[in-house]
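Everything below concerns the one structure shown next.
The values are calculated or read from the model by the stated rules, or taken from the named source; none is laboratory data. Please read these numbers as outputs of a predicted model, since none were measured by experiment. Cβ: placed from backbone, ideal geometry, glycine included. Neighbour counts: every protein chain shown. The protein model used for the area step is the full one, side chains on, heavy atoms only, and it has no ligands, DNA or RNA in it. Shrake-Rupley method; radii C 1.70, N 1.55, O 1.52, S 1.80 Å.
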Amino acid sequence: MPKIFSEYNITLSCPNDIKDEKKVIESAVEDFNIYIGQTYNIRLRLSHWSTDAYPESGGEPQKLLNKQFIDDSDALICIFWSRFGTPTSSHESGTVEEFENAINSGKQVFIYFCDIPKKISKIDTQQLDKVNDFQRKIEKDKHIFYKSYESIEEFERYIKKDISSYFIKKNNLENDNSKN
């Protein structure tokens, strides 16, 4: 007998210095789908512009990416380390634009700041200053909770726990509401 799954779209939003975390998230989503999703009839679908965007015309690049990913996503995973990203026509970076669009649309946003040490010679201090300014801005906002991590292993524990907790709860609430 076929199962009916609730599918949730997650978009990963981050500057291009986030590479190991992308692999961790891909693995966490795959593990969720195999081990947890089967039990709760949930499927997560992860997207990122580097693997899922298609060429499109008719607008600014970031606006087109927002239309392809952010507008239809159920949640956003947003990560910053030492790079803030490339400015768009309306925001300090594409990642910030995606973050703000998701927040303003009432979507779930998982936001993380990486505190893994990096060689000083590899750091663009202007980019890092922008990341630190943004983190301070987030700290002042009483409606946003974020996590910082100091190792990939710590991040892996966070992301597995966070997506599992959130999507199981979301799915249970939606199933309860559909019964009423």
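Results for (1) in contact with a Ser or Thr (Cβ under 9 Å, 6 or more places away or on another chain); (2) open to solvent by 50 Å² or more (accessible area, probe 1.4 Å); (3) more than 28 Å from K170 (Cβ to Cβ), shown as yes or no for each residue.
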position	(1), (2), (3)
A28	yes, no, no
R83	yes, yes, yes
T88	no, no, yes
E97	yes, no, no
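Of note, D74 satisfies the criterion of being within 11 Å of the chain's Cα centre (by Cα) and surrounded by 17 or more Cβ atoms within 10 Å (Cβ to Cβ).
In this entry, K140 passes the filter for residues that are more than 24 Å from N9 (Cβ to Cβ), surrounded by fewer than 17 Cβ atoms within 10 Å (Cβ to Cβ), more than 14 Å from the chain's Cα centre (by Cα) and modelled with pLDDT under 95. With respect to being touching an Asp or Glu at 6+ places or on another chain (Cβ under 8 Å) and polar (S, T, N, Q), Q38 falls outside the description.
For (1) open to solvent by 90 Å² or more (accessible area, probe 1.4 Å); (2) hydroxyl-bearing (S, T, Y); (3) within 30 Å of K118 (Cα to Cα); (4) under 16 Å from the mean Cα position of the chain (by Cα), each residue gets a yes or a no:
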position: Y8; (1), (2), (3), (4): no, yes, no, yes
position: K19; (1), (2), (3), (4): yes, no, yes, yes
position: S47; (1), (2), (3), (4): no, yes, yes, yes
position: Y54; (1), (2), (3), (4): yes, yes, no, no
position: S57; (1), (2), (3), (4): yes, yes, no, no
